Amino acid sequence: MSVIKIVVVAIAGALGSALANRGIAVYHDGLRPIMPELIEGRMKRAELAAISFGLSFGLVIGFGIPFSLTSSIILVHSLWLGTDIIGTWFPGTFEKGWMKDKKSLWGFIGSLVTGGAYGALLVIGLQTIVNLFEKLPINFFGTLGSLGDPIIYAFAIFPAIAVAMQFGIGKGLITFALTVLARQIASAAGLSSADGIALAVGVIILLVFAIADKPKNEKKTESSMAALFTERAERIKKNLPYIALMGAVYGIACNLAIMMEGPQSITTLAAGDRAAATSITVARAISFIPLKAMTSLSSGVFAIDGFGFVATVGLLSPSWIIAAVAGAATMSLEAYSLVFIGKLLDKFPGVRNAADNIRTSMTKLLEVATLVGSMIAANSMAPGLGFLVVAGAYVLNEITGTRIVRMAIGPIAAILTGILINVLAVVGLYIPAA
Amino acid sequence: MIKVNIGGMNTKEIKDLVEKFAEGKIEVKITSDISGVQEVLKGDADYYLGACATGGGGAISMAIAILGYSRCFTASMPGKPPRKEEIEKAVQDGKKALGFTCDHVQLAVPLIVQAILNNPSAK
């Protein structure tokens with residue numbers, strides 16, 4: 001078990017819960033707007049901690065852990081949603097000189113220690129499960145990596161889907177055709193990054209449509225709100241050193257492929273396609289800017305992972321030291337540009353709508369791609385049976401209220417297939433291929 | 001006429017569903033999260049619905065910022081499908097912004113529309 005992995009995730013966890021405890025940054029986009037209630041004294045810690053727990057706990061189990069387990073990389077959700085809960089639970093006041101207040105100081109130190117321990121235990125726990133899987137007579141864990149393959153290729157079409165959602169099927173089809181054309185030209189020219197080029201072409205077309213789109217009935221953000229935004233943005237700027245530190249740690253974690261920002265990038269990274277993962281992080285970060293910027297501006301509390309570009313620079317950096325510096329710089333720049341971005345989004349409402357459509361189309365594509373990838377992966381473990389189990393599990397989940405996230409049911413079913421063939425082999429009902 | 005604004009993810013799908021179940025009693029419109037919620041605050045619209053991956057994040061985060069947490073409700077989360085009684089109670093309690101996960105759009109929207117139609121006084 002890699003000690004470096006444990007240490008990095010523990011530091012990221014300690015820092016994450018400390019930032020949440022001091023109201024500097026939280027991970028959950030829904031928790032951020034509630035933070036001023038606490039900071040400005042309208043809500044008690046216990047109440048906020050309960051809300052934070054309600055918002056995040058299910059996501060750690062239902063969203064964070066499944067992807068972390070199937071990819072053997074920590075999906076940041078499983079770490080930082082947990083530290084949101086830890087940080088908000090520990091005491092702390094927001095008055096000046098809080099460090100002299102014993103209770104606040106103990107809350108701060110308690111968050112650091114508990115957050116660190118949580119991070120370390122998360123890595124150890126997941127690794128133990130993976131190790132157990134690998135000890136099974138039929139090792140299926142290697143095959144799981146291939147379930148990300150369809151995502152690597154299918155992802156490039158998301159801008160065309162987003163265009164179709166926002167601007168109609170006609171423009172969507174044109175974008176679709178141009179994306180395919182760009183991919184095949186790049187591929188025929190012998191370029192290795194044909195999918196990346198196709199994605200870039202699609203994103204550019206989407207942005208052009210979005211910037212040109214200025215609905216008349218859309219109201220501008222009211223000026224009183226703009227003033228509040230500026231005031232709260234100042235609070236974030238004051239906390240820049242801590243935010244930069246977080247950026248450095250996150251940059252290192254992404255550089256070493258220890259942690260990753262989302263289900264799409266984590267799956268491609270686990271499949272060994274760093275270039276695809278990198279372009280996905282760019283697209284995801286763009287799509288989250290409006291949401292994260294507006295929630296940060298309205299609350300004065302930043303996002304633990306910034307907009308998400310730290311993951312991009314982390315993946316691109318040639319070494320972990322450069323990743324640390326670049327991560328710190330990137331996250332500081334994100335925090336510093338908040339007011340500017342707020343104004344920009346006000347000017348181009350089409351871009352804000354595009355962001356929502358990007359997130360929708362990425363999710364829909366990922367659902368299809370992980371399902372197909374999981375079916376292929378499960379089938380290469382157990383020909384015939386794999387298709388049956390994954391397809392059955394997917395539909396069963398659908399008709400019972402989609403209790404398991406649609407994106408995660410395929411990978412979970414693939415793991416179950418792996419466990420199942422081990423059990424069947426013991427009782428003689430499965431004969432492993434020679 | 002009850003007015004419902006929709007923002008966040010899967011907006012088209014939600015709009016179609018609201019219209020399908022509203023029996024013509026709800027006027028529904030796709031807005032941005034901010035302007036949609038501001039209209040609810042001013043009383044120009046009655047409800048705001050939003051979906052995101054988690055039901056409580058992007059779906060209602062700006063609603064929480066503008067309307068306050070006490071008027072927002074997460075109707076479903078990953079692993080926790082929407083429940084009729086909870087949604088009924090939320091609407092009766094005067095929750096104005098309701099969020100749910102993209103996975104649960106098909107389950108949550110009909111329940112929410114029904115709850116809104118059943119509680120005209122909560123308007």
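Rule-based calculations on the coordinates, nothing more; no lab input. These numbers were taken from a predicted model, which means no experiment stands behind them. For neighbour counting, all protein chains shown are included, and Cβ atoms are generated from backbone atoms with ideal geometry for every residue, glycine included.
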With +1 on each Lys and Arg Cβ and -1 on each Asp and Glu Cβ, and nothing else charged, work out how big the dipole of the range B:2-122 is about its Cα centre, in Debye to the nearest 20. 120
If amide H atoms are modeled at 1.01 Å from N in the peptide plane, then the residues at a separation of 5 or more from A:Phe302, or on another chain, having amide H under 5 Å from its own are A:Ala25, A:Val26
Please report the spacing between the Cα centers of the range A:325-356 and the range A:133-181 in Å, no decimals. 26
Can you tell me how chain B classifies by the Cα gyration tensor, rounded, prolate or oblate, using a/c under 1.5 as the rounded cut? rounded
What is the magnitude of the charge dipole of the protein assembly as shown about its Cα centre, with +1 placed on the Cβ of each Lys and Arg, -1 on the Cβ of each Asp and Glu, and no other charges, expressed in debye to the nearest 20? 860
Per the rule of 0.36 nm per residue minus the C-alpha distance, extending A:Ala275 to A:Tyr336 adds in nm 19.2 nm
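Other chains' Cβ within 10 Å of A:400-409 residues: what's the mean?
Across A:400-409, the average partner-chain Cβ count within 10 Å equals 5.
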Can you compute the FRET efficiency between A:Ile322 and B:Lys12 using 1/(1 + (r/R0)^6), with r the Cβ-Cβ distance and R0 = 45 Å? Round to the nearest 0.05. 0.55
Within 10 Å of the Cβ of an average residue in A:26-35, the count of other chain Cβ atoms is 6
Between A:Ile124 and A:Val208, what is the spin-label point distance in nm, taking each point 7 Å from the Cα along the Cα→C-beta axis? 5.5
Which FRET efficiency value, to the nearest 0.05, do you get for A:Glu95 and A:Ala177 by plugging their Cβ-Cβ distance into 1/(1 + (r/R0)^6) with R0 = 41 Å? 0.10
Counting other beta carbons within 10 Å of each Cβ, put A:Lys103, A:Lys135 in order, fewest first. A:Lys135, A:Lys103
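Taking each residue in B:59-71, count the Cβ atoms of any other chain within 10 Å of its Cβ, then average. What number comes out?
Average neighbour count from other chains, rounded to a whole number: 6.
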Burial order of peptide ranges A:32-40, B:87-95 (average beta-carbon count within 10 Å, highest first): A:32-40, B:87-95
Relative to the present Cα-Cα distance, how much length would full extension add between A:Ala46 and A:Val427 at 0.36 nm per residue of separation? 132.0 nm
Rounded to whole Å, give me the distance from the Cα center of the range B:74-123 to that of the range B:4-50. 13
Using a 7 Å offset from the Cα along the Cα-to-Cβ direction at both B:Lys84 and B:Lys29, what is the distance between the two label points in nm, to one decimal? 3.3
Between A:Asn139 and A:Ser2, what length comes free when the chain is fully extended (0.36 nm per residue of separation minus the Cα-Cα distance, one decimal in nm)? 47.2 nm
For A:Lys237 paired with B:Gln114, estimate the spin-label separation in nm (one decimal), with each label point 7 Å from Cα along the Cα-to-Cβ line. 5.2
Starting from the Cα gyration tensor of chain A, take the square roots of the eigenvalues, sort them a ≥ b ≥ c, and report rounded, prolate or oblate (rounded when a/c is under 1.5, otherwise prolate if a/b is larger than b/c, else oblate). oblate
